[in-house]
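See structure below.
Only the coordinates and a few stated rules stand behind these numbers; no lab work does. Just so it is clear, the structure is predicted and the values come from calculations on it, not from any experiment. Heads up, the Cβs are rebuilt from the backbone with ideal geometry, glycines too, and the neighbour counts pull from every protein chain shown.
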Amino acid sequence: MKFFRSFVVSVFSVMSFSTANAQLQWSNETSNALGAAIDAGNYQTITSVVIRQHGTAVYEGYFNGADATSQHNTRSVTKTINGMVLGAAIEAGEIKGVNARVFPYFKDKRPILHDDKRKRDITIEDLLTMSSPLECNDWNQYSQGNEERMYIVEDMARFYLDLPMRGYPVWSPPPQQRPFGRAFSYCTAGANLVAKIVERATGENIEDYAQQHLFTPLGIDSISWPRTGTGDIMATGGLELTSDTLARLGELYLGKGTFGGNRILPESWVSTSIEPRAQVDDDTNYGYLWWLEHYEVDGKNHPVAYMSGNGGNRVMILPDHDLVVVITKTDYGTRGMHDAAQALFDDFIVANLETSVE
């Protein structure tokens, strides 16, 4: 049975939050239309939609048995959160920046297979941008580094470190022929090492370090980390968070690393994380574990950065409009899961944004 709850914070019948150049128009009718579309299954299996602007709730709706207390399995949204924790560790001086080489953190894994100087020169930034020279591609079922092969291996760090060097056939240009000088290849095994580096650099597990340096400062304590059969934190995905927590993480980035007046992450880390570092395709770039695209309002393009997870889960920040959009879904591994989330964003967010007349 579907359950729906929403509220609109409004003085008048239509809400109008504005920045220097735009407004979000939202009304009770808009809320009802969104709820009806979700109940009709127009966007597959939505469990929540949360919209906040300037830190104020515009809309909050829960569906398909979820409510405000539900913890959503966000899958690869976890990767972006690990990037935030890495930024905190760099700020604390535990890690010497993104140019630090990866392999010195894993001396106990030597000797490694397919040893190569290029492999030993891989940096943390290569992991954050999914552009290391190792043969690892989750979007290719034949890739030796495909995540499905990693999950059945006990030592997932070694799984990545032992991968061979990547080749570049004629249909796949090498890094020097691509924008930003990087060849993007979606690699969960490499992103897993981001959390492992934090653990080895700080001497704490990622769960405890994230709680101390990220979640507690945000006032968050409703978190469930998945674990492997050995009891280790499953840092590649599956972190379960409430919609409110996801919205707060988005607001942290809109606030350039501050939340509630408190500095939590360095502004430099936040801005660097959402700068284009690798090209995914003609429409999408990639930052430090953030997806980067644009949306159009009145003929003008605006940037949107988002965390993304299997099933169609998204946490989207729109800096030009000081807006956070959280969409949680449970359509794991299904065709069109991300397209459905994008369609909701286009139909109910972009369609209700207007550029103000100066």
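Treating only the Cβ of Lys, Arg, Asp and Glu as charged (+1, +1, -1, -1), what charge dipole size does the chain show about its Cα centre? Round to the nearest 20 debye.
Once rounded to the nearest 20, the dipole reads 1000 debye.
Please compute the net charge surrounding N301, taking Lys and Arg as +1 and Asp and Glu as -1 over other residues with Cβ under 12 Å from its Cβ.
With Lys, Arg at +1 and Asp, Glu at -1, the net is -4.
Given q = 0.11, 0.14, 0.15 Å⁻¹, what are the Debye log10 I(q)/I(0) values for the chain, with equal point scatterers placed on the Cα positions and solvent ignored?
Once normalised to I(0) and log-transformed, intensities are -0.74, -1.19, -1.34.
Using a Gaussian network model of the chain whose springs link C-alpha atoms within less than 10 Å, name the residue from E240, E199, E154 with the highest mean-square fluctuation.
It is E154.
Is any residue of the range 317-358 close enough, with backbone N under 19 Å, to a label point placed 7 angstrom from the Cα of K300 along the Cα-Cβ axis, and if so, which?
Of the residues in the range 317-358, 317-324, 349-358 have backbone N under 19 Å from the label point off K300.
Within the range 93-126, name every residue whose backbone N is under 16 Å away from a label modeled 7 Å from Cα of M165 along the Cβ vector.
From the range 93-126, the list is 112-123.
Need the full-extension length gain, D283 to T334, defined as separation in residues times 0.36 nm minus the C-alpha distance. One decimal, nm.
Once the chain is fully extended between D283 and T334, it gains 16.2 nm.
Which of K109/K329; K96/K329; K256/K300 have a Cα-Cα distance over 28 Å?
K109/K329; K96/K329
When only alpha-carbon atoms count, how far does the range 80-200 stretch along each of its three principal axes, as whole angstroms with the largest first?
43, 34, 27 Å, listed from the longest principal axis down.
Please give, to one decimal in nm, the separation of the simple spin-label points placed at A343 and N42, each 7 Å out from Cα toward the Cβ.
Rounded to a tenth, the inter-label distance reads 0.9 nm.
Sorted by mean Cβ packing within 10 Å, highest first, what order do the peptides 274-283, 311-320 take?
Put in order of decreasing packing, that is 311-320, 274-283.
Taking a virtual spin label 7 Å from the Cα of Y151 along the C-beta vector, which residues in the range 329-346 bring their backbone nitrogen under 15 Å of it?
Backbone N within reach: 331-334.
Could you work out the local net charge near Y209, counting Lys and Arg as +1, Asp and Glu as -1, over the other residues with Cβ closer than 13 Å to its Cβ?
-4
Between S27 and D116, what is the label-to-label distance in nm when each label sits 7 Å out along the Cα-to-Cβ direction?
According to this spin-label approximation, the distance is 6.0 nm.
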